[in-house]
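Each reported figure results from applying straightforward, stated rules to the coordinates on display, with no laboratory input. Here the structure is a predicted model, which means the values were calculated and not measured. Here the Cβ positions follow ideal geometry from the backbone for every residue, glycine too, while neighbour counts run over all protein chains shown.
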Amino acid sequence: MLQVQGFTKRYGRIAALTDVSFSVRDGEVLGLIGPNGSGKTTLFECMGGVLPLDGGALVRDGRPVTARDRASMLFYLPDQIAPWPAQTVRWAIDFAIGLFGGRADLRDRVVEELDVAPLLDATIGSLSKGQRKRALLAIGLLMPHPLLLADEPFDGLDLRQSRDVARTLRSYASAGRTMFLSIHQIRDAGRVCDRFVLLSGGRARGEGTSRELAAMAAARGSSAGDDLEEVFLALT
């Protein structure tokens with residue numbers, strides 16, 4: 001679907017991203033794994049067009065993606081946002097569907113799957129972090145864009161909610177939706193993702209399935225086996 005080629009972003013003398021390259025494939029759940037401060041949010045903001053790049057390009061079919069391409073192809077759901085805080089969740093969902101031409105036919109299904117129904121008449125500003133996360137994920141899943149970028153979709157969720165959200169995201173990916181999820185909890189990533197990009201210190205340290213990454217770690221002399229957490233540590 002897309003290639004990230006040589007993404008580089010600096011803040012003065014600080015390199016937030018350095019020559020980061022990887023691919024996003026149609027219909028997959030791709031996980032961006034890295035600790036806090038590794039550059040995950042910066043990478044998403046550059047992909048989403050929020051931040052300008054200092055180097056590199058987002059490419060599709062050998063051509064740089066234009067602003068118009070990006071607007072029709074990609075929906076970016078940032079972390080820690082509370083849009084329209086005085087409006088209800090019901091209003092926000094319906095407004096977003098109308099604004100972006102979203103999937104009104106899936107509205108009730110998504111609301112049920114993410115357990116958003118009890119929140120519909122609450123204002124967004126009154127929600128807890130986990131409640132707001134589920135409400136905004138509902139909006140993201142209802143958007144028509146083929147690629148959903150979600151920054152920390154499991155942050156603020158308890159174990160049961162994380163499991164249920166992971167199951168829901170997988171079901172939409174199985175139906176053809178492509179998802180790129182920024183995740184710092186490797187256990188959550190292993191539950192939902194098909195492939196992974198490992199990010200540390202603003203650099204991509206590996207890309208592939210858990211088996212492929214384990215093979216990379218073994219080739220470097222690691223005894224991590226199939227443990228994704230140990231593989232990440234071995235490669236970063």
Extreme residue, positive dipole direction of the chain, given options Tyr76, Ile14, Ala218 (C-beta unit charges): Ile14
Would you work out the charge dipole size for the chain about its Cα centre, treating the Cβ of every Lys and Arg as +1 and the Cβ of every Asp and Glu as -1, and quote it to the nearest 20 debye? 360 debye
Acute angle (nearest 10 degrees) that the helix 129-142 long axis makes with the longest principal axis of the chain, alpha-carbon atoms: 90 degrees
What do you get for the angle between helix 159-174 and the principal long axis of the chain? Use alpha-carbon atoms, 0 to 90 degrees, nearest ten. 80 degrees
Among DSSP beta bridges whose residues both lie in the chain, state the antiparallel percentage, nearest 5. 50 percent
Report the paramagnetic label zone for Ala104: residues of segment 130-145 whose backbone N is under 18 Å from a point 7 Å from Cα along the Cα-to-Cβ axis. 139-145
Give me a comma-separated list of calculated 3J(HN,Hα) values for segment 24-29, in order, Karplus coefficients 6.51, -1.76, 1.60 applied at θ = phi - 60°, integers in Hz, x for any Gly or Pro. 10, 9, 4, x, 9, 9
Can you work out the Karplus-derived ³J(HN,Hα) for every residue in segment 211-221? Use 6.51 cos²θ - 1.76 cosθ + 1.60 with θ = phi - 60°, whole Hz, and x for glycine or proline. 5, 5, 5, 4, 5, 4, 5, 5, 5, 9, x
With θ set to phi - 60°, apply the Karplus curve 6.51 cos²θ - 1.76 cosθ + 1.60 along segment 92-97 and write out the HN-Hα couplings as whole Hz, x wherever there is a Gly or Pro. 4, 5, 5, 5, 5, 4
Could you list which residues have their amide H under 5 Å from that of Asp19, counting only those 5 or more apart in sequence or on another chain, with H placed in the peptide plane? Thr8, Lys9
Length gained when the stretch Trp84-Tyr11 is fully extended (0.36 nm per residue, less Cα-Cα span): 23.3 nm
At a Förster distance of 22 Å, what's the computed FRET efficiency of Leu233 paired with Ser23, Cβ-Cβ distance as r, to 0.05? 0.35
